[in-house]
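The values are calculated or read from the model by the stated rules, or taken from the named source; none is laboratory data. What you are looking at is a predicted structure, and each value in this text was computed from that prediction instead of being measured. Note: ideal-geometry Cβ built from the backbone for every residue, glycine included; neighbour counts use all protein chains shown.
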Amino acid sequence: MSEIGAQELMHVRVKVNGQWYEADVEPRTLLIDMLRDVLGFTGPHIGCDTGHCGACTVIMNGRSVKSCMVLAVQADGSEIMTVEGLEKDGKLHPLQEAFWENHALQCGYCTPGQLMSAYFLLSRNPNPSEEEIRKGIEGNLCRCTGYVNIVKAIKAAAQKMADAKMS
Amino acid sequence: MDAEKALEPGAPLLYEEWGDNLIYHGDAKFGDVEGAFARADLVVEGTLVSNRHSPTPMEPRAITAHYDPVKGMFTIWVTTQFPHVFKTYISQVLKFPEDKIRVIAKRVGGGYGPKSHVYPDDVAVLQLALKLKRPVKWVETRTENLQVTGHARDWKIYYRGAFSRDGKVLAVSIKGIADFGVYGPFWTEIQPALVAQAQAPGPYKMQGYEFDLYCVTTNKAPYAAHRGFGRPTGSLVMERIMDGAARRLGLDPVEIRRRNLIGPNEMPYRQVTNIVYDSGDYPKALETALRSFDYQGWRRKQEELRRQGRYVGIGVSTYVEYSAPSSKRLSEGLGWKVGGYDMVRLRVEPTGKVKFFTGQSTQGMSHETIFAQIVAEELQVHVDDVTVVEGDTEDTPYSYGAWASRATVVVGGAAVKASRMIRDKMIKIAAFNLGVEPSDVDVARGWFYVKFDPLKRMPFSEVARIAYQEVHRIPMDLEPGLEVVTTYEPQVYTTASTAWHFVVVEVDPETGKVDILKYYVLEDAGISVNPMTMHGQTHGAVAHEIGGVMYEELRYDENGNLLNSTFVDYLVPTALEVPNIEVEHIETPSPQLGGWKGMGEGGSIGAPPALFGAIEDALSPLGVKLDRAPLNPENILRAIRASGAS
């Protein structure tokens, strides 16, 4: 029987929000736990244990993933973007601005996940319909807003980003 | 596992020493109930089963406790809606000095009721921390959350309503059996059930009202506070009675409600339950809603769609949400050791920046915005110059916390009072320096100015600086500094908000699936501090009960096992189930300070009866009657089969 000890730890390298990090983690460590507890990215939240609430959503290699459904070792070598990576040079991302302007968050617990799902949606579909937005955030539960202002904010952000591209 | 069976003679006893399974039994009769039923042209009777569900805030409960033996301080970080009450309670439970306890509850991820309790597992964490003298942290998993936190709305109700031929409600009689599970955590106890009974009569005039209430213990999780706190159940019964009577009398569901409304000239109105509504204009609210929603237009459209074979229905509901209860109701009426007041501290700093301290804690209700707005308006400073401090018992005054939709009304009122105290003092200091009488000075947009010579003026920040740094420039009878602590309690019995909900649904009778085509809410919660945050709370509260009445049901097997304790099978509605909710607001001010009324829970009261009515209306060609929530495909198909239509 092997002992549980340092030899059991796995070495993982991930690039988070543009910077490389390395850590030794247990094989069973989830990506969300590595992000929060080891690397200190506490933006992504944990709201369930079955991959349904979406509060832990991050972008991994350009695709949105629920980071509670990914093992840290699976993320080895990956590029990750968390909600902390949206802001650039002290300026909020247009999505964050739109969430603020449209009162798209109340308690804010689901917001980091909503923002990352919206970010992924707009990266694939810069001009989504209301139906497409609703499908895009279907995996992110919110109990404060009834989604009304989240949908509105994502629409407004898409418009904002399109305008910025034009000018 | 069945509350009704638990009442039968010979039922197994959960607590043998009790001799029965009753936590509480109480009945009350108001007005002439028997006479009304004897005179009635029509008696509507029925049963209603409402489903146990939980508000499941996205952040489950969490607690970290640290005892510092050197300082003797016990610091607790906890997801609570009432940090000060939490402190008082655990001091009593642990026999630990209250002045050595600090409770911190900053930015809690959703509350909706279940976080206005102290749970046994909280106490266990605290005891461990004291014993180990090491920090101890516990975070509830979602499964644990669904198993024990926030169960509510589990009722079976027998109702009767007496009506005259012209649709006037004469009296209502309700027998309610509420399944409270095992005896509950501090401090809700059976109050939601009493509130449900007090809630039912709503905006309607009636001569008689009676209830007979059984709060039963079973092998389920304990009952908890849950957005609406009994009101959704009370209003659901009342509105089912109105819909039933409308159908039997051949009246439009809007018309029967219109005929029974309390008039604006009758305010303040003592409801049959003796609860006094402070203000309201229910007919005006209705007429506004009918126009905005285009009720007649939707009825025509419904006929058209029906001819195409589509099952489209329109539902309507209304209620009165009595909020921010006074000490008269809480400590005198209900016997709680709870005040209806709240205490705040307000400080204008030497720089002219403002800090507002409240013992509330926020779970997403935009306190930082609305209290800052209220103070900024009174002091005539920029809203960004006001900082709201809350959620830490160490630097905030005592507060009973965030529940009963009370924060804006009570804390907002205290904010107005404190601001006016500081403003009056600053006016005196400004007048002293401008060489005029205080009555000649006013404040606007950051300047104190002489009313008859507005160019003679001093900046707000300069007056603030003088108040601290140049005592010789302050009138002799004033103390230096600009800081006050004050309490406020509305002078009314309770502030009474109202709303009208209109919803259009389409039902697929083959599958029982319901689509919401349109959802409209007209709300009157008095003066609106911030329409955006106010509408946001209505959206959320409606969405909560779209989930509660259509999808969410905590189900047990006969051995007491909870069958759905994850989001795999406990269905919280997603962005695909919740429609765009339109909210409109009219303002009938409350006669007390600020004119506000509580509203954070209202959407959850209006949604269940509106959805019941709409789905039943959609299926009315099949003669379907609904008496059991959730209105999920399983129960809708069962109701269709029971009607003999398929």
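Do we find that B:Ala575 is modelled with pLDDT of 95 or more, out of contact with any Ser or Thr (no Cβ under 6 Å at 6 or more places or on another chain) and not in a loop (DSSP other than H, G, I, E, B) in this structure? The answer is no for B:Ala575. Among the residues of region B:375-423, those identified as in a helix (DSSP H, G or I), hydrophobic (A, V, I, L, M, F, W, C) and under 23 Å from the mean Cα position of the chain (by Cα) are B:Ala407, B:Val409, B:Val410, B:Val411, B:Ala414, B:Ala415, B:Val416. Might you let me know whether region B:589-609 holds any residue that is polar (S, T, N, Q), in a loop (DSSP other than H, G, I, E, B) and more than 20 Å from B:Pro490 (Cβ to Cβ)? Checking region B:589-609: not a single residue is polar (S, T, N, Q), in a loop (DSSP other than H, G, I, E, B) and more than 20 Å from B:Pro490 (Cβ to Cβ). Exactly one residue among B:Ala414, B:Ala430, B:Ala402, B:Ala407 is farther than 30 Å from B:Phe74 by Cβ and surrounded by 24 or more Cβ atoms within 10 Å (Cβ to Cβ), and that residue is B:Ala430.
Residues that are under 25 Å from B:Gly603 (Cβ atoms), crowded, with 24+ Cβ neighbours inside 10 Å and more than 8 Å from chain B (Cβ to nearest Cβ) within region A:118-163 comprise A:Ala118, A:Ala153, A:Ile154, listed in sequence order.
In region B:31-60, the qualifying residues are those that are within 14 Å of chain A (Cβ to nearest Cβ) and touching a helix residue (DSSP H, G or I) at 6+ places or on another chain (Cβ under 7 Å), and the one that is farthest from B:Val572 (Cα to Cα) is B:Pro60. If the condition is being within 14 Å of another protein chain (Cβ to nearest Cβ) and more than 16 Å from A:Thr111 (Cβ to Cβ), then region A:49-76 contributes A:Asp49, A:Thr50, A:Gly51, A:His52, A:Cys68, A:Met69.
Take the conditions (1) under 21 Å from A:Arg143 (Cα atoms); (2) touching a residue at least 12 places away in the same chain (Cβ under 8 Å); A:Thr50 misses just one of them, which is (2). Taking the criterion of being of a type in the set (S, T, N, Q) and either closer than 18 Å to B:Val389 by Cβ or more than 14 Å from chain A (Cβ to nearest Cβ) (or both), the residues of region B:66-101 that qualify are B:Thr75, B:Thr80, B:Gln81, B:Thr88, B:Ser91, B:Gln92. Note on region B:482-536: residues that are hydroxyl-bearing (Ser, Thr, Tyr), surrounded by fewer than 24 Cβ atoms within 10 Å (Cβ to Cβ) and assigned to a strand (DSSP E or B) total 4.
Let's see how each residue does on (1) out of contact with any Cys (no Cβ under 7 Å at 6 or more places or on another chain); (2) among the small types (Gly, Ala, Ser); (3) at pLDDT 95 or above; (4) assigned by TED's automatic domain parsing to the domain that holds B:Val118:
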| residue | (1), (2), (3), (4) |
| --- | --- |
| B:His25 | yes, no, yes, no |
| B:Ala28 | yes, yes, yes, no |
| B:Gly31 | yes, yes, yes, no |
| B:Gly35 | yes, yes, yes, no |
| B:Ala38 | yes, yes, yes, no |
| B:Asp41 | yes, no, yes, no |
| B:Gly46 | yes, yes, yes, no |
| B:Thr56 | yes, no, yes, no |
| B:His66 | yes, no, yes, yes |
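Of everything in region B:540-592 that is small (Gly, Ala, Ser) and at the interface with another protein chain (Cβ under 9 Å from one of its Cβ atoms), the residue that is surrounded by the fewest Cβ atoms within 10 Å (Cβ to Cβ) is B:Gly547. Considering only residues in region B:363-374 that are over 19 Å from the mean Cα position of the chain (by Cα) and of a type in the set (Val, Ile, Thr), the one that is farthest from the other protein chains (Cβ to nearest Cβ) turns out to be B:Ile374.
In region A:22-139, counting only strands (runs of 3 or more DSSP E) that sit wholly within it, the ones holding 3 or more residues that are in contact with a strand residue (DSSP E or B) (Cβ under 7 Å, 6 or more places away or on another chain) and over 23 Å from B:Thr566 (Cα atoms) span A:79-81.
Filtering B:Glu553, B:Glu558, B:Glu601, B:Glu545 for residues that are acidic (Asp, Glu), closer than 30 Å to B:Ser323 by Cβ and modelled with pLDDT under 95 leaves a single hit, B:Glu601. Considering B:Gly339, B:Gly359, B:Gly364, the condition of being within 17 Å of B:Lys417 (Cβ to Cβ) and buried (at least 24 other Cβ atoms within 10 Å of the Cβ) is satisfied by B:Gly359 alone. Within region B:338-374, being of a type outside the set (A, V, I, L, M) and not in a loop (DSSP other than H, G, I, E, B) holds for B:Asp342, B:Arg345, B:Arg347, B:Lys355, B:Phe356, B:Phe357, B:Thr358, B:His367, B:Glu368, B:Thr369, B:Phe371, B:Gln373. Taking the stated definitions as given, is A:Gly18 surrounded by fewer than 19 Cβ atoms within 10 Å (Cβ to Cβ), touching a residue at least 12 places away in the same chain (Cβ under 8 Å) and within 14 Å of the chain's Cα centre (by Cα)? When the stated conditions are applied, A:Gly18 does not pass them. Number of residues in region A:99-111 that are facing chain B (nearest Cβ under 9 Å) and within 16 Å of B:Thr533 (Cα to Cα) equals 7. Exactly one residue out of B:Gly228, B:Gly263, B:Gly234 is on the phi > 0 side of the Ramachandran plot, under 25 Å from the mean Cα position of the chain (by Cα) and either surrounded by fewer than 24 Cβ atoms within 10 Å (Cβ to Cβ) or in the same structural domain as B:Pro630 (by TED's automatic domain parsing) (or both), and it is B:Gly228. Return yes or no: is B:Ile104 more than 14 Å from chain A (Cβ to nearest Cβ) and touching a Leu at 6+ places or on another chain (Cβ under 8 Å)? Answer is no for this residue.
Checking each residue of region A:83-98 against the condition of being within 11 Å of chain B (Cβ to nearest Cβ), touching a Leu at 6+ places or on another chain (Cβ under 8 Å) and surrounded by fewer than 20 Cβ atoms within 10 Å (Cβ to Cβ) gives no match. In region B:120-143, the qualifying residues are those that are over 22 Å from B:Gly72 (Cβ atoms) and at pLDDT 95 or above, and the one that is surrounded by the most Cβ atoms within 10 Å (Cβ to Cβ) is B:Arg142. Residues that are assigned to a strand (DSSP E or B) and either surrounded by fewer than 24 Cβ atoms within 10 Å (Cβ to Cβ) or outside the structural domain of B:Ala11 (by TED's automatic domain parsing) (or both) occur in region B:184-198; there is at least one.
Residue count for region A:8-21, restricted to those that are assigned to a loop (DSSP other than H, G, I, E, B) and among the aliphatic types (A, V, I, L, M): 1. Of all residues in region B:471-509, those satisfying the criterion of being among the polar types (S, T, N, Q), at pLDDT 95 or above and within 20 Å of the chain's Cα centre (by Cα) are B:Ser497, B:Thr498. Once region B:424-463 is narrowed to residues that are part of a strand (DSSP E or B) and hydrophobic (A, V, I, L, M, F, W, C), the residue that is farthest from B:Trp596 (Cα to Cα) is B:Leu455.
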